[in-house]
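Derivation of every value follows stated rules applied to the coordinates shown; laboratory data play no part. Quick caveat: nothing in here was measured; it's all calculated off a predicted structure. Note that we place each Cβ from the backbone using ideal geometry, even for glycine, and neighbour counts take in every protein chain shown.
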Amino acid sequence: MTSLGGAEMVDWKLAVATATRLVRPGPEVSRDEARAIVAELRRHAKASEGHVRAFTRMAPPVKDGDAFAGDTPVLVVDRAGWIKANVEGFRAILGPLLEKMQDRRNGTSTAVLGAVGGKVTGVELGMLLSFLASRVLGQYETFAPGTGDIPGAGGGRLLLVAPNIVHVERELEVDPHDFRLWVCLHEETHRTQFTAVPWLRAHIEGEIQSFLGETEVDPATLLERLREAAQSLAGGRPEGEDGGAPSIVDLVQTPAQREILARLTAVMSLLEGHADYVMDGVGPQVVPSVTEIREKFQQRRARGAGRLDAALRKLLGLDAKLRQYRDGERFVRAVVDEVGMDGFNRVWTSPNTLPTKAEIAKPADWVARVHRKSEK
């Protein structure tokens, strides 16, 4: 991996070790229970494929009679497994930025930056991952690095975090079998989005690389900004006058990055909102207690888990993610109500038909641009 003065800029092994040491243990289950939960999640993930594709009218491209793009793997993992998978993803997506920083190392104290900075950043990354690892129910890992051992590698993989799913279903006191299927419907929608729309992964990766490419800070400054973020996490920096610290993304933004981030925000709002819409649309047909689950889950989202949790969510930008669920779902619902599911699916035609951030807030503007323009 990219290094300075012979030392890695990010100590990835230390990041994994830190996160796995700090992450809270999952709920207690017996070995037999654990096996049954894993098997059920795999069955639900498989069943969700058909439900989601029928509802969305989306399916992977077919080659030689087989939907070859739809066999990206489904992995049921524990919290440590989620951490390791995401460190792999970070290494893949941050590689170009670290290489750029390597090229700009002249004039930097490589001895200090390489030996100390890599370990500090590794600890910081580990702290962030330990926080997230106990909260993520599932994730379509879009940028999973390609390896010969993982089918479909390089095209993504679906992770279901079993301990977190069990924790939430117990906390909400809902039917566990219904809840597990409900979660799988959401995550399978994400897998369908990327397998049925071949250009989507490359488009998002290109936007992310453009965002990273606009980072014009020297390595020492970037590490210092990340250190400030870690200090906020640890409570070492007081809240600002506005009542909170900026998110980590805010710490390194330039004007050009804000434009890119606006486009990424619109895309992520679309993807998250679409998954919520599909989950609720399919739910009544296959999840008997979906109304109760949805109501309790929404209440959980809204109230958070206390002051510290709220501060961490703000720092990590997770408040924005919650808005993406709400805004994106309203966009999808409004468009489907106006032009139907097939009309909505024009959104997947090309990057040019993706909604802008403004159109997410005003779905009628997207309909006017994409539909009425094409009808002239």
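Summary of values
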| quantity | calculated |
| --- | --- |
| Residue order, fewest to most beta carbons within 10 Å, for Thr20, Thr142, Thr189 | Thr20, Thr142, Thr189 |
| Restricting region 157-217 to GluC sites (Glu not before Pro) in coil, as DSSP defines it, with at most 15 other Cβ within 10 Å | Glu173, Glu216 |
| Förster-model FRET efficiency, 22 Å R0, Lys362 and Trp199, C-beta, rounded to 0.05 | 0.30 |
| Stretchable slack from Asn352 to Arg170, in nm (0.36 nm times residue separation minus alpha-carbon distance) | 61.2 nm |
| Footprinting exposure proxy for Lys296, Lys362 (fewest neighbouring C-beta atoms within 10 Å first) | Lys362, Lys296 |
| Net charge of Cβ neighbours under 12 Å - reference Ile208; Lys, Arg +1; Asp, Glu -1 | -1 |
| Length added when fully stretched, Arg369-Glu259, from 0.36 nm per residue minus Cα-Cα | 37.6 nm |
| Label-point separation in nm, Ala92 to Ala80, each point 7 Å along Cα→Cβ | 2.3 nm |
| Net length gained if the chain between Val38 and Gln209 were fully extended (0.36 nm per residue, minus Cα distance) | 58.1 nm |
